[in-house]
Ligand SMILES: NC(=O)c1ccc[n+]([C@@H]2O[C@H](COP(=O)([O-])OP(=O)(O)OC[C@H]3O[C@@H](n4cnc5c(N)ncnc54)[C@H](OP(=O)(O)O)[C@@H]3O)[C@@H](O)[C@H]2O)c1
């Protein structure tokens, strides 16, 4: 089968397309023919091995799993011993931040880690529904959201931000979304109640106050966003922040004052997948797809995603939908 190989950490130039043996499912696993996967910001962190902490999970000096890729949508083509709840031919998807080796034509995965794709969703949509949406769900999970509350989402055009915006609207929250001029219509179509164009206005100077501020691109700081929070309000960022301050602020701020920082530790992927699947099926969540590349063009996809300018998700088309 065709697979992308990264034998060391480094820039996209190290990636090679090779013919390798198709994996064989062990007991409890399924063999999946990958139809679509993405290149996402998690993949970029793993490719470069940065921040260094990533390597504690993916391999200290070189990648433990040389085929990269953290998400996929595809079709079950063989069952390992003891797999009873899935059938050959079922359409499935999943995500794993410690690498699934999905940048390949086939992969094996524990059957319990996959979810079936709802009938109304195609392979590309399913692949685009997991990485950013998992992190977005973990923002939402971290705070006691109630219908009618006000939330500001910075970076609403990213994979995390565009999913967070739709999840918040599903929960009945009033959302102010921050994006660039070219994406205002897109962000409105995802349900934003109010849009701040960051090319024209500094959102940290907004005169409204919010129950929660979600910085989905990690470009702000608690210090700058503090004035935006109502008493009892919470700030969450997708990044560690300057000097890796956000995890420390999450420990300290609950003890001082009425505004605090929360830092999501997105560990429960099965819970995220259950939530995402439900919203895909009901139509409450439609992932944003920016562009598509073929497996052979994956280095270009990594370069684009690492630029930090994608809108939603970048798809790698591996096989054609039948
Ligand atoms: N904590 C975790 O476990 C975790 C996991 C995955 C990702 N991350 C981090 O989360 C962040 C977001 O990831 P993502 O995949 O959602 O991002 P992304 O898709 O790379 O998107 C970034 C988006 O943000 C917009 N943007 C860039 N600069 C901005 C600014 N100053 N203000 C507002 N919007 C801006 C970009 O639009 P334009 O440039 O076109 O304006 C682009 O649409 C990344 O920094 C990533 O490293 C964290």
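For the chain, with a Gaussian network of springs between Cα atoms less than 10 Å apart, report the residue from 160, 289, 53 with the top mean-square fluctuation. Highest fluctuation of the listed residues: 53. Counting only alpha carbon atoms, the long axis of helix 159-170 and the longest principal axis of the chain meet at about 70°. Taking the DSSP beta bridges with both ends in the stretch 61-185, the antiparallel portion is around 60 percent. Between 171, 15, 280, the Gaussian network model of the chain with springs among Cα atoms under 10 angstrom shows the greatest mean-square fluctuation at 171. The stretch 277-298 and the stretch 83-107 have their alpha-carbon centroids 16 Å apart. On the basis of the beta-carbon distance and an R0 of 35 Å, residue 294 and residue 224 show a calculated FRET efficiency of 0.30. The translational diffusion coefficient of the stretch 17-70, from Stokes-Einstein at 10 °C and 1.306 mPa s with a Kirkwood hydrodynamic radius over alpha carbon pairs, comes to 121 µm²/s.
Of all DSSP-defined beta bridges confined to the chain, some 50% are antiparallel rather than parallel. How high is the relative contact order of the chain? Use alpha-carbon pairs under 8 Å, at least six apart in sequence, and give a whole percent. It rounds to 19 percent for the chain. Calculate how steeply helix 269-282 sits against the longest principal axis of the alpha-carbon atoms of the chain, using the helix alpha-carbon long axis, and give the answer as 0 to 90 degrees to the nearest 10. Long axis of 269-282 versus the principal axis of the chain: about 80 degrees. Once the Cα atoms are used to define both axes, helix 131-140 deviates from the longest principal axis of the chain by about 40 degrees. Which one, 292, 194, 41, has the greatest fluctuation when you compute a Gaussian network model over the chain with C-alpha springs under 10 angstrom? The residue with the greatest mean-square fluctuation here is 194. Only helices enter this figure: runs of n ≥ 4 DSSP H residues, each worth -39500 (n - 2.57), summed and divided by the residues of the chain, yield -6500 deg cm²/dmol at 222 nm to the nearest 500. Remark: C-alpha extents of the stretch 195-322 on the principal axes read 57, 34, 29 Å, sorted largest to smallest. What's the long-distance tail for the stretch 132-262, i.e. % of Cα pairs beyond 28 Å? Cα-Cα pairs of the stretch 132-262 separated by over 28 Å account for 7 percent. Here the chain is treated as a Stokes sphere of Kirkwood radius computed over C-alpha pairs; at 25 °C and 0.890 mPa s its diffusion coefficient rounds to 122 µm²/s. Give me the log10 of I(q) over I(0) for the stretch 247-314 at q = 0.12, 0.21, 0.28 Å⁻¹, as the Debye formula computes it from C-alpha points; what are the numbers? Treating every Cα as an identical point scatterer, log10 I(q)/I(0) equals -0.63, -0.95, -1.05. When only Cα pairs below 8 angstrom with a gap of at least 6 residues are kept, the stretch 132-262 shows a relative contact order of 20 percent.
Computed from the coordinates by the stated procedures, all read-outs in this text should not be read as laboratory data. Computed from a predicted model, the values in this text were never measured in an experiment. With ideal geometry, Cβ positions are generated from the backbone for all residues, glycine too; neighbour counts draw on all protein chains shown.
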